[in-house]
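*Asks:* Dropping a structure here in structure tokens format, bear with me for questions.
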Amino acid sequence: MVLSSMISAGEASELRSLVMNHKVSLADVFNIISHKKDPELLGELRRFSDGHKKNGFHIVHICTEMTPLVPRGSVASYVTGISRALQRKGHLVEVILPKYASLNLDEVQGLHEVNVEVTSYFNGQLHGNRIWTGVVFGIGVTLIEPKYYSSFFSHEMIYGYPDDFERFSYFCRASLDYIVKCGKQPDVLHLHNWETAIVGPLFWDTFVKQGLEGTRILFTCHGFNSQGIEQPDKLALCGLDPLRLHRPDRLQDNTNTQLVNILKGGVVYSNRVVIMSSIYPKHVIVHNLSHELEPTLNVHRDKLVIAPYGLDKSTWDPSTDYFLPENFNAENMNGKAFCKAALLQKLGLSEHSSTILVGCIFSEGRDLDRKRVKEVILNAKQYDVQFIFMGTSERLIMNQAPESLQMEFKDDNLKFVPTYDEALLHLVFAGSDIILCQSFLDPTDEIPLIALRYGAAPIALAPDASSNRSIPFDRSFINQDHEATKYSELINSSFVNMSISLAIDEIRTNPAMWKRKIMQAMAHDLSWDGECYDVHVEAYSAIKNM
């Protein structure tokens, strides 16, 4: 509306405040009025009254992934998860993405092109961009589509091209030009990985004096494997001065000093750095997993905080899950036994109360380790144990390992579910005593989180593979300065070194103590609204007060 001159930047700022302070979610209102034209929408917004006052933040993500538009990747699920959690608590969140040709736009409400061209600087000239806006799960989304450089985001894949730096630095500069032209004055610009880290130096060197004096930078890092190593002169493409930035305390790469490191720039030029790591604590990441960035991270150590990944609690909550025949929670576990009985009956497994049920859930893109699974089954045959194998996605292309195992063992206690069944998947989590996981380290793997949420013990299929042998995975990781997540403490204290045999022994020999352990684990809020939300709001609060 600002871009089309319907309202001034000042009124837009006032309307954002009304939205943040209103007692009704904008998403709820938008579902009713999304079909209306801009003048009618504006009338509805102006009728918003100031409800009970909330101290919300206005956060703008500049990122390259977001589910369901970009369906895969740890950044994609994280951006959507933490954004929805923030909006549920009264914060105003927006997301800016490139308009990839491969975007899934099915879940975008009210998608339309803004009838105004926004120009941005690149390679010595101003270039026009088409701007698209819509709403995803109540979150305002802006898509930027370059006109002149239309090939930048027309590729089949999101990453992995020789011109990735050019593509994403163009997008970063265009995002900032768009924010300024709209008159947005967010509290926080939230950046992600090296692909949008260049926003940091761009912001402080060029944009902070264009009405963004009250804005601060939070940088999220999902790992240090990819850092964006480039020739210094490429920085000039988006308007930066290579001579000013190619210095040891700024963007100069720590190993190859002839080059610049864009991820390093994200750390240096941000006010806070959130490192997403459910398991490893800060000092292990800095010392063992930072890929030559340890000196930089040590200098900026006070900026660094650790946050775990989370679950979508609207999908995964046994107390409200409509797929379950009976709901349950940590305070009342009776429904879990009912779910187990229903699952055994549905799959034609014998219904002995003493039977231990093990769900083996494998995710898209993962091949089952047939040799290891065979070992687990053989070791468990001495116990009264039943196994269920199934996948987590309609897109999952099954390998033959589970089916061949069933044929090899010819065991009525081994069931293979060949097709995806969403309701059955929920029932397997709810009815299982143990869930076999590939590991605890993959940030895109929600299986351990769901298992804990549904009162099943997550057991790594190969415990030795879950921990890097060069990084001893033991309780000394959990130090006294709260550098590890609560999720890490839970997994490390109860499950990381537990084999399926140990779990079965505990269930058999001390069922009361086992039940207490499971109930205590269930009581943890492992959703995006839990620890992850708390870490982010604390970080936003700290930098807003700088």
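Results for (1) open to solvent by 10 Å² or more (accessible area, probe 1.4 Å); (2) under 19 Å from Pro295 (Cβ atoms); (3) in a loop (DSSP other than H, G, I, E, B), shown as yes or no for each residue.
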{"residue": "Thr255", "(1), (2), (3)": "yes, yes, yes"}
{"residue": "Gln258", "(1), (2), (3)": "yes, yes, yes"}
{"residue": "Leu263", "(1), (2), (3)": "no, yes, no"}
{"residue": "Gly266", "(1), (2), (3)": "no, yes, no"}
{"residue": "Val274", "(1), (2), (3)": "no, no, no"}
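*Asks:* Test each condition in (1) in a loop (DSSP other than H, G, I, E, B); (2) of a type outside the set (Asp, Glu); (3) over 25 Å from the mean Cα position of the chain (by Cα) for Pro318 and report the one that comes out false.
*Replies:* Pro318 satisfies every listed condition except (3).
*Asks:* Within region 493-546, which residues are farther than 30 Å from Ala85 by Cα, open to solvent by 70 Å² or more (accessible area, probe 1.4 Å) and part of a loop (DSSP other than H, G, I, E, B)?
*Replies:* Scanning region 493-546 gives a single hit, Asn497.
*Asks:* I've got another one for you. Exactly one condition in (1) in a loop (DSSP other than H, G, I, E, B); (2) more than 24 Å from the chain's Cα centre (by Cα) is false for Ser278; which is it?
*Replies:* Every condition holds for Ser278 apart from (2).
*Asks:* So, in region 117-134, of the ones that are open to solvent by 20 Å² or more (accessible area, probe 1.4 Å) and touching a residue at least 40 places away in the same chain (Cβ under 8 Å), which residue ends up nearest to Val95 (Cα to Cα)?
*Replies:* Within region 117-134, the match that is nearest to Val95 (Cα to Cα) is Thr119.
Residues checked against (1) within 24 Å of the chain's Cα centre (by Cα); (2) part of a strand (DSSP E or B):
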| residue | (1), (2) |
| --- | --- |
| Asp106 | yes, no |
| Glu113 | no, yes |
| Thr119 | no, yes |
| His127 | no, yes |
| Arg130 | no, yes |
| Thr142 | yes, yes |
| Tyr148 | no, no |
| Phe152 | no, no |
| Met157 | yes, no |
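*Asks:* Given the conditions (1) over 24 Å from His190 (Cα atoms); (2) open to solvent by 60 Å² or more (accessible area, probe 1.4 Å), report the number of the one that Phe137 does not fulfil.
*Replies:* Status for Phe137: all satisfied but (1).
*Asks:* Could you tell me whether Lys36 is modelled with pLDDT under 60 and either outside any helix (DSSP H, G or I) or crowded, with 17+ Cβ neighbours inside 10 Å (or both)?
*Replies:* No, not satisfied.
The values are calculated or read from the model by the stated rules, or taken from the named source; none is laboratory data. What you are looking at is a predicted structure, and each value in this text was computed from that prediction instead of being measured. Heads up, the Cβs are rebuilt from the backbone with ideal geometry, glycines too, and the neighbour counts pull from every protein chain shown. Accessible surface is based on the protein model in full, side chains and every heavy atom, while ligands, DNA and RNA are left aside. Shrake-Rupley method; radii C 1.70, N 1.55, O 1.52, S 1.80 Å.
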